[in-house]
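Colleague: One structure is given below, represented as C-alpha cells, and several questions about it will come after.
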Amino acid sequence: MKILDNISNLFSKSTNKSGEEDSIPENLRSKELEWKLALLVRNIDDVEDIDLKFVSVSKIDVGNKKDLFTSYRLDFNGREKLNKFKKKYKNILL
C-alpha cells in the first residue's frame, strides 16, 4: 500500500511542476531566452545604437513606450556579445 501511495505522490508532484512551468509564458522565461542567445529589456531608448548594431530587436506586447508591460527582445548572434551586453546594461534587463 505504501508503494502505491508513493507512486501516486510522485505522479502528482510531477504534474504540479509541469503546471507551474506552463503558467509563465514561453517567451518570458529568462533561462530559455539566454540559451537562445536573447535577452529582454525594459526600454530600448537606454541602449546605445552601437550596441544594437548586430542585434535583432523585436517588441513584445502591444503597448506604447511608456507602458509598464512593454519590453523588447534582443537576439544576439554570439554568447560573447550577449555577456558583454548583460554586464553593461544589467539595470534594464528583465
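Colleague: In nm, to one decimal, how far is the modelled label at Glu48 from the one at Lys90, with both set 7 Å along Cα→Cβ?
Modeller: About 1.8 nm, to one decimal.
Colleague: I would also like to ask the following. So if we plug the beta-carbon distance of Lys36 and Phe69 into 1/(1 + (r/R0)^6) with R0 = 25 Å, what FRET efficiency do we get, rounded to 0.05?
Modeller: That pair, Lys36 with Phe69, gives E of 0.70.
Colleague: Taking amide H positions as placed 1.01 Å from N in the peptide plane, with prolines and chain starts having none, which residues 5 or more places from Ala38, or on another chain, fall under 5 Å of its amide H?
Modeller: Under 5 Å from the amide H of Ala38: Phe76.
The numbers here are math on the coordinates, done by the rules we state, and not lab data. What you see is a predicted model, and the numbers here were worked out from it, not measured in a lab. All Cβ positions, even for glycine, are placed from backbone atoms using ideal geometry, and neighbour counts span all protein chains on display.
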